[in-house]
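Read through the structure below, which is laid out as structure tokens, and then see the notes.
The values are calculated or read from the model by the stated rules, or taken from the named source; none is laboratory data. The structure presented is a predicted model; accordingly, all values stated were derived computationally and were not measured. Every residue, glycine as well, gets a Cβ built from its backbone with ideal geometry; the counts of neighbours run over all protein chains shown. Surface accessibility is based on the protein's heavy atoms, side chains included, excluding ligands, DNA and RNA. Shrake-Rupley method; radii C 1.70, N 1.55, O 1.52, S 1.80 Å.
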Amino acid sequence: VRAAMGDPCERLLWHGTSWQSLPNILSHGFNRAYSGRHGSKFGVGTYFSPDPEYALRFCDRSAPRAILLARVLVGRYARGAPEMREPPLVEEPVGPA
């Protein structure tokens, strides 16, 4: 896992969702196949934020809103785009820098 993710670290991040999606997330985890309801600005995927106020923007508008605090393993990343279905390849550095 470390080789594929670089030097991963675990972070506590927020995920805003709908009450309708909550039971499925709690039973089966996050699944990018169900993503896109609230946008896919950086591609198809599950979005998290260190800021709970930002994550609340992706919940249903009526109160109370559903927001989850998740332990997320964060590794290498690249900027996404709306048309992306999966992350781009991240090239490994070759030779001394």
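A simple spin-label model places pseudo-atoms 7 Å from Cα toward Cβ; at Arg79 and Arg11 they are separated by 1.7 nm. Sorting Arg85, Arg11, Arg61 by accessible area puts them as Arg61, Arg85, Arg11; the probe is 1.4 Å, largest comes first, and only protein heavy atoms count.
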